[in-house]
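Here's the structure, in structure tokens; my notes come after.
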Amino acid sequence: MNDDAEQVILVDAHDRETGHAAKLAAHRQGLLHRAISVSVVDPDGRLLLQRRAREKYHSGGLWTNACCTHPRPGETTDDAAERRLAEELGVVCPLRWVLRTQYRARVGVELVENEVVHLYHGLYIGEVRPDAKEVEAFVWTSRETLLSDVEKRPEDYTYWFKYYVRSFADRLFLGAA
């Protein structure tokens, strides 16, 4: 589905559904909507990061967590997390809900992320097969390396991922060895 046709679920501050809107319109108007984010670690406790494809409608070329998306109308956050992780990285693993958070940030000249985010976590052993239209590169990184790099080169990371790292890094590495 293309970004113009994709619908997001609008919510209030308590994550109660209030309607639907086109994804790009929601981001242009800064409307509060539901989103998901997924963090994945390997058995060695390394976090899977992806560099977003440069062609993405925002934040292209920046490093971020395994994947993010918006549940479609009628889709649960659990199903959206599993769907997008498989679509973007070819990764299928059990996911568990970790927390809900909210942030608002400008992500480009005309776009605003205003999201109630459900963060999921998974442990994965296997091959990563990214979709080149979505993901430019991926890497497994240690907690120490990640924290150091985000501090030294914050411009290389998405807004939301820096927010996660600074607000609850321990939860990103949850279950790590």
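Side notes on the structure shown:
- Candidate set from the stretch 118-157 (those that are surrounded by fewer than 16 Cβ atoms within 10 Å (Cβ to Cβ), over 18 Å from F168 (Cα atoms) and of a type in the set (A, V, I, L, M)); member that is farthest from the chain's Cα centre (by Cα): I125
- Test set (1) under 21 Å from V112 (Cα atoms); (2) in contact with a Leu (Cβ under 8 Å, 6 or more places away or on another chain) - P43 fails condition number: (1)
- Within the stretch 62-90, considering residues that are part of a loop (DSSP other than H, G, I, E, B) and under 14 Å from the mean Cα position of the chain (by Cα), the one surrounded by the fewest Cβ atoms within 10 Å (Cβ to Cβ): L62
- Whichever residue in the stretch 95-110 is closer than 20 Å to L49 by Cβ and touching a Gly at 6+ places or on another chain (Cβ under 8 Å) and, among such residues, is surrounded by the fewest Cβ atoms within 10 Å (Cβ to Cβ): R96
- Contact map, the stretch 157-174: residues that are in a helix (DSSP H, G or I) and among the basic types (K, R) paired with residues that are buried (at least 16 other Cβ atoms within 10 Å of the Cβ) and modelled with pLDDT of 90 or more, Cβ distance under 7 Å, separation 6+ or inter-chain. Pairs shown: K162/V150; R171/V98; R171/L119.
The values are calculated or read from the model by the stated rules, or taken from the named source; none is laboratory data. Since we're looking at a predicted model, the values are computed, not measured. All Cβ positions, even for glycine, are placed from backbone atoms using ideal geometry, and neighbour counts span all protein chains on display.
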